[in-house]
Amino acid sequence: MKIVVIGGTGLIGSKLVAKLMQSGHEAVAASPKSGVNAVTGEGLAAALAGADVVVDVANAPSWEPAAVLDFFQRSSTNLVATEGAAGVKHHVALSIVGTERSPDNAYFRAKLAQETIIKSSSVPYSIVRATQFFEFLGAIAETGAIGGKIVVPSALFQPIAADDVVDRLAEVATGQPLNGTIDIAGPEKAPFNEFIARRLKASGDTRTVVGDPTAPYYGGPIDDKSLNPLGEARLGKTSLAAWLASL
């Protein structure tokens, strides 16, 4: 099976390409680095020629509200149009749990727009919504750095390891289109600040982590339901302790 991974040189994309190749598939990493730009359309038709499946895990280079919305709208529109012309049988997109529940978050609004474009196209699709990745906990902590301490939300959080995201994406990409959405999350749920504190402690960072129910998450307020699956979800197998031990 030929599977083209848009954003195939990034964190998730590079792992996914490697996993698919190990399983015997023809996996192609497509990104601006390889001359494929989904936003402009450059190289897209050639990259998708003969593809059975396209997996979109690309990330926007800018999270400025107008820029991130433009990125996902243009890239998704170009992708589904090119896929339709190429006869691609399955479009898989990585999205975020709770995109519709955080209207103040510009990135979430852009991902929701992406989902809408995918659902309205003629290409069979599967949307995999994931919670935040363990790999980004350190960067998230820095967004709450205030006066020598870290102030982050105290709402419930259920992050997941990137490897577990890749496992699920590979499973979905090599299966039949869902023509729907699934949620995936980590095996543990706890207050946001507890995950951040454990990540910092593991790296030797001694700053105090404060859980504040009013602290924003990338510009918007969150509660216990904002970032977590509300219904059925497929859980990863990697605990935070196991992930930290692997660093």
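Read the figures in this text as sums done on the coordinates, not as results from a lab. Here the structure is a predicted model, which is why all the values come from computation and not from measurement. Cβ: placed from backbone, ideal geometry, glycine included. Neighbour counts: every protein chain shown.
Observations on the structure shown:
- Condition check for Ala161: under 17 Å from the mean Cα position of the chain (by Cα) and of a type outside the set (Ser, Thr, Tyr): yes
- Pairs, first among the charged types (D, E, K, R) in region 152-163, second buried (at least 23 other Cβ atoms within 10 Å of the Cβ), C-beta under 9 Å, six or more apart: Asp163/Gly236; Asp163/Trp243
- Residue count, region 135-158 (criterion: within 28 Å of Ala18 (Cβ to Cβ) and either in a loop (DSSP other than H, G, I, E, B) or more than 18 Å from the chain's Cα centre (by Cα) (or both)): 1
- In region 121-133, the condition of being over 21 Å from Tyr218 (Cβ atoms), touching a residue at least 24 places away in the same chain (Cβ under 8 Å) and of a type in the set (Phe, Trp, Tyr) is met by at least one residue.
- Of all residues in region 228-245 being within 19 Å of Arg198 (Cα to Cα) and of a type in the set (A, V, I, L, M), the one that is surrounded by the fewest Cβ atoms within 10 Å (Cβ to Cβ): Ala245
- Yes/no for Val210 being outside any loop (DSSP other than H, G, I, E, B) and closer than 30 Å to Ile117 by Cβ: no
- Remark: Pro177 matches the filter, which requires a residue to be touching a His at 6+ places or on another chain (Cβ under 7 Å) and either without any contact (Cβ under 8 Å) to a residue 40 or more places away in the chain or over 24 Å from Ala106 (Cβ atoms) (or both).
- Residue count for region 19-77 satisfying the condition of being of a type in the set (D, E, K, R), in contact with a helix residue (DSSP H, G or I) (Cβ under 9 Å, 6 or more places away or on another chain) and either under 24 Å from Leu178 (Cα atoms) or surrounded by fewer than 16 Cβ atoms within 10 Å (Cβ to Cβ) (or both): 5.
- Screening region 10-117 for strands (runs of 3 or more DSSP E) wholly inside it with 1 or more residues that are of a type in the set (Ser, Thr, Tyr) and in contact (Cβ under 8 Å) with a residue 40 or more places away in the chain returns the ranges 90-96.
Conditions (1) within 30 Å of Ser121 (Cα to Cα); (2) in contact with a Gly (Cβ under 8 Å, 6 or more places away or on another chain); (3) not β-branched (Val, Ile, Thr), marked per residue:
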| position | (1), (2), (3) |
| --- | --- |
| Ile150 | no, yes, no |
| Gln176 | yes, no, yes |
| Lys201 | no, no, yes |
| Arg207 | no, yes, yes |
| Gly219 | no, no, yes |
| Glu232 | yes, no, yes |
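- In the condition set (1) assigned to a helix (DSSP H, G or I); (2) under 9 Å from the mean Cα position of the chain (by Cα), Arg129 is compliant with all but (1).
- A count restricted to region 117-133 and to residues that are among the small types (Gly, Ala, Ser) and surrounded by fewer than 19 Cβ atoms within 10 Å (Cβ to Cβ) stands at 3.
- In region 194-226, the qualifying residues are those that are of a type outside the set (D, E, K, R) and touching a strand residue (DSSP E or B) at 6+ places or on another chain (Cβ under 6 Å), and the one that is nearest to Trp63 (Cα to Cα) is Ala215.
- Selection count, region 163-199, where residues are assigned to a strand (DSSP E or B), farther than 19 Å from Ala242 by Cα and not charged (D, E, K, R): 3
- Taking (1) in a loop (DSSP other than H, G, I, E, B); (2) in contact with a Lys or Arg (Cβ under 9 Å, 6 or more places away or on another chain) in turn, Ala241 satisfies each apart from (1).
- Cβ pairs under 9 Å, 6+ apart, first in region 201-222 and over 27 Å from Ala106 (Cβ atoms), second charged (D, E, K, R): Asp205/Arg199; Arg207/Lys149; Thr208/Lys149
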